[in-house]
Every structure is written in structure tokens, then in C-alpha cells.
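These notes concern the structure reproduced below.
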Amino acid sequence: MSENKVKFGNKEYLMVEARLAAMVKDHKGNYSLVISHEFEGKRVTATCKLSIGEQVFIDSATEYGTERKTQEKASTHALGRALSMAGYAGSEYGMEAPIASANEMQDFIREENNSTNQLANNWELERMEILGFGKHKDTSWEFVDYDYLEWLSGQEGGNQLNKERATIEIEYRADMQEIDDGLEK
């Protein structure tokens, strides 16, 4: 796999710069590319309009933050998505290629990991939250039986956040047991 591609799951995602380079090479100046931005508080929405001949491809991306990097990320994502709409995606531009770029997927995975780490770091308080669903809907995470936590953590699809919470509670209980075992010695 080249450095312009990143594999997530069973799909290859092409970096935006590689998509753009391929489009520029194919159309040798016979295109127009405009990226505009809309700002509202911390929300930055970039809209990319790509015209190739008579065809126009428009897509947008929204990011949140106040740094210049936020605007750049929104621009890159919008450009990558517009290029995908124009046929420049992954898998060497096949019809099964994902619209998201490798850049967008890397940012998504990074944000997911940050969210999970934040949840784990605050678990002492979070585990007192009431589930609000299923047979334990009136129970806090700290009192849910272990079998149900195992079942929930192994579910495919469904609510990803609850799956993560179940996994964190299982790990938390294992850590607490290790501490208890160490104190008893």
C-alpha cells in the first residue's frame, strides 16, 4: 500500500492530496476549484465547489474549534468529499470506493480515541449514571451484573457509546479486584 492510501477495515482510503493530484493531472487546468467558509461561534463549515467541464460537484464539511487548523481540516475534508463525488475516491476510483478521505478517517479515529479516553478518565463519576435502557434501565453502571456487561460489550452495531461504557466498567472492576487482591496479601 502506498503512503497515499490508508486502510480502515476492509476499505482503502486515499489521501486528499493524492485525489487532487490525480484530478489535476487528468484535467490539466480545465477545472475550477473554490472553497468558501462559514463561521458561527466555534463552528466552521467549509464548502467546496469543483467544476470540471460542465459538471459541478459540491460538498461540505463542518468542524468545531477556534484554531486555524480547524479551518484547514474542514477545507481538506470538503475538498476530499467533492473529489469523491467527481469520481476521485479510493480503490483506484472504483464505484465501491468510500467518499471519506484517509485524512477524514484518521481525524475520525483520533476523535473517537480521545472520546473513549475522556470517558475512561472520568469513569469514577460516569459509572454512577443510570443506564436508561434494557432490563437494567433503572440501574447505574456500577450495579449492572457482569454477564449483562459482557453481553453488551460484545454487541455488533447498536449504541457504540454504551458498548464502550460496558467495556470500561468490566475493565474498572478487574482493576479494582487486582487492587483488593493486592491489599489482602
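The values are calculated or read from the model by the stated rules, or taken from the named source; none is laboratory data. Because the structure is predicted, anything quoted here is derived from the model rather than measured. Note that we place each Cβ from the backbone using ideal geometry, even for glycine, and neighbour counts take in every protein chain shown.
Residues that are assigned to a strand (DSSP E or B) and either farther than 14 Å from LEU83 by Cα or not assigned by TED's automatic domain parsing to the domain that holds ALA89 (or both) within segment 29-43 comprise SER36, HIS37, GLU38, PHE39, GLU40, ARG43, listed in sequence order. Residue under question is SER91, and the condition is that it be of a type in the set (Gly, Ala, Ser), modelled with pLDDT of 65 or more and either farther than 29 Å from ASN162 by Cα or in the same structural domain as ASN159 (by TED's automatic domain parsing) (or both); does it hold? Judged against the criteria, SER91 is not a match. For segment 35-57, give me the residue count where each residue is more than 23 Å from ASN4 (Cα to Cα) and in contact with a Cys (Cβ under 9 Å, 6 or more places away or on another chain). So the count comes out to 1.
Just to be sure, is GLU142 in the same structural domain as ALA174 (by TED's automatic domain parsing), within 12 Å of TYR172 (Cα to Cα), in contact with a helix residue (DSSP H, G or I) (Cβ under 9 Å, 6 or more places away or on another chain) and part of a helix (DSSP H, G or I)? Answer is yes for this residue. Filtering GLU96, GLU104 for residues that are at pLDDT below 80, under 30 Å from LYS25 (Cα atoms), in the same structural domain as HIS27 (by TED's automatic domain parsing) and in a helix (DSSP H, G or I) leaves a single hit, GLU104.
ALA166: modelled with pLDDT of 85 or more and within 30 Å of PHE57 (Cβ to Cβ), yes or no? No, not satisfied. Checking each residue in segment 47-74 for being closer than 16 Å to SER84 by Cα and of a type outside the set (S, T, N, Q) picks out CYS48, LYS49, LEU50, ILE52, VAL56, PHE57, ILE58, ASP59, ALA61, ALA74. In this structure, is LEU131 aliphatic (A, V, I, L, M), closer than 20 Å to MET176 by Cα and modelled with pLDDT under 85? Against the criterion (aliphatic (A, V, I, L, M), closer than 20 Å to MET176 by Cα and modelled with pLDDT under 85), LEU131 does not qualify. If only residues of segment 66-90 that are of a type in the set (Ser, Thr, Tyr) and without any contact (Cβ under 8 Å) to a residue 40 or more places away in the chain are counted, the one that is surrounded by the most Cβ atoms within 10 Å (Cβ to Cβ) is THR70. Modelled with pLDDT under 90, under 18 Å from the mean Cα position of the chain (by Cα), part of a strand (DSSP E or B) and of a type in the set (Gly, Ala, Ser), is that true of ALA46? Answer is no for this residue.
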